[in-house]
Amino acid sequence: MTTSKKIGWIGTGVMSVSMAGHLLKNGYSLFVYNRTQDKAKSLIDAGATWCGTPADVAANADIIFTIVGFPNDVEAVYFGESGIFEKVKAGSVVVDMTTTAPSLAVRINEAAKNKNVGAVDAPVSGGDVGAKNGTLSIMVGGDRSYVDMVMPLFEIMGKNIVYEGKAGSGQHTKMCNQITIAGTMIGVCESLLYGHKAGLDLNVMLEAISGGAASCWTLTNLAPRIVNRNFDPGFYVEHFIKDMEIALAEARGMNLCLPGLALVHQLYKAVEAQGHGRKGTHALALALEHISNVKN
């Protein structure tokens, strides 16, 4: 099956390469760009067309997805030299799935309007497992008519797709998601640290608590990785630090005090300082072990 819409895809990281792959498998023509071409090799081998710049992706595609690392990367991809807005076609839609500042999502939306282009902000949650399985949660903001245009593509990548409202609403919702994850992650890591020190069989302990009120995605998917000392990234520590810093900045702007998030942010800065910035977010366990001088 070949579909009529041509899809642009910018960014082929741990999660996004799987997300783009699902679109290819469902018959969409894919035009792809990444700063490092080697990271797009699996998509190119599967039939995607390589483009040399984000602008070239936009020139070829009807719907352009972006999922890159940091807000400055989003800025460059959209507004920079050879960026999307240099060659984007009137009537197309841009969809930023990066977790970034809500204010930046609003700016992209305004710039898109000036070019008769639709804009949607749609950050995701679910990590590498959700990306591979096509079961991501997708938090969506923007004009509803453009969201409806993109919805069939979202449904290929995710299972829990919720329209949140106007431009920036998807990003605000993702901040709520990350705040929740930050608190959950420290609870899971401290639980494992306590269980280890108490001499429990951690796998048996997890079997017990995973079926009760403590049950959560982090406990099910990341706690076993910690037990097995597998800190490969489903989502990078350095990217989670970025997300927490966006949430803290937004909170300051709303005159909110979020002491739990501030604490977890500082602990993750310790993880990064210990050289684990490119490990998975569950590497928080390493910092907590270090603080308590626990050898595992």
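The values are calculated or read from the model by the stated rules, or taken from the named source; none is laboratory data. Only a predicted model underlies this, so the values are computations on that prediction, with no experimental measurement involved. Counting neighbours? That spans all protein chains shown, and the Cβs are built from the backbone with ideal geometry, glycine included.
Say we look at the range 243-253 and pick out the residues that are at pLDDT 95 or above and not acidic (Asp, Glu); which of these is farthest from the chain's Cα centre (by Cα)? Filtering the range 243-253 for residues that are at pLDDT 95 or above and not acidic (Asp, Glu), the one farthest from the chain's Cα centre (by Cα) comes out as Arg252.
Out of Ile161, Ile181, one residue alone is modelled with pLDDT of 95 or more, surrounded by 13 or more Cβ atoms within 10 Å (Cβ to Cβ) and under 29 Å from Gly275 (Cα atoms). It is Ile181. Without any contact (Cβ under 8 Å) to a residue 40 or more places away in the chain, out of contact with any strand residue (DSSP E or B) (no Cβ under 8 Å at 6 or more places or on another chain) and farther than 27 Å from Glu245 by Cα: is that true of Ser29 in this structure? In short, no.
If you take just the helices (runs of 4 or more DSSP H) that sit entirely in the range 118-220, which of them hold at least 2 residues that are under 23 Å from Val14 (Cα atoms) and not β-branched (Val, Ile, Thr)? Steps first, answer last, please.
On the way: elements: 127-133, 144-157, 169-197, 202-209.
Helices (runs of 4 or more DSSP H) meeting the threshold: 127-133, 144-157, 169-197.
Where strands (runs of 3 or more DSSP E) fall wholly inside the range 1-105, the ranges with 2 or more residues that are surrounded by fewer than 23 Cβ atoms within 10 Å (Cβ to Cβ) and more than 14 Å from the chain's Cα centre (by Cα) are 29-33. Can you tell me which residues in the range 221-236 are surrounded by 16 or more Cβ atoms within 10 Å (Cβ to Cβ), at pLDDT 95 or above and in a loop (DSSP other than H, G, I, E, B)? Of everything in the range 221-236, those that are surrounded by 16 or more Cβ atoms within 10 Å (Cβ to Cβ), at pLDDT 95 or above and in a loop (DSSP other than H, G, I, E, B) turn out to be Leu222, Phe231.
Listed by first and then second residue, the pairs linking a residue in the range 207-228 that is closer than 14 Å to Gly183 by Cα to a residue that is in a loop (DSSP other than H, G, I, E, B), with Cβ atoms under 7 Å apart and 6 or more places separating them unless they lie on different chains, are Leu219/Ser210.
Residue-wise test of (1) in contact with a Leu (Cβ under 9 Å, 6 or more places away or on another chain); (2) in contact (Cβ under 8 Å) with a residue 60 or more places away in the chain; (3) not hydrophobic (A, V, I, L, M, F, W, C).
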residue: Glu164; (1), (2), (3): no, no, yes
residue: Asn177; (1), (2), (3): no, no, yes
residue: Gly183; (1), (2), (3): yes, yes, yes
residue: Leu192; (1), (2), (3): yes, yes, no
residue: Leu202; (1), (2), (3): yes, no, no
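Of all residues in the range 58-74, those satisfying the criterion of being over 13 Å from Ile10 (Cβ atoms) and free of Cβ contacts under 8 Å to residues at least 60 places away in the same chain are Asp62, Asn72. A single member of Val120, Val129, Val188 is at pLDDT 95 or above, touching a helix residue (DSSP H, G or I) at 6+ places or on another chain (Cβ under 8 Å) and over 30 Å from Pro259 (Cβ atoms), and it is Val120. Among the residues of the range 251-283, the ones that are basic (Lys, Arg) and either in a helix (DSSP H, G or I) or not assigned by TED's automatic domain parsing to the domain that holds Phe240 (or both) come to 2 in all.
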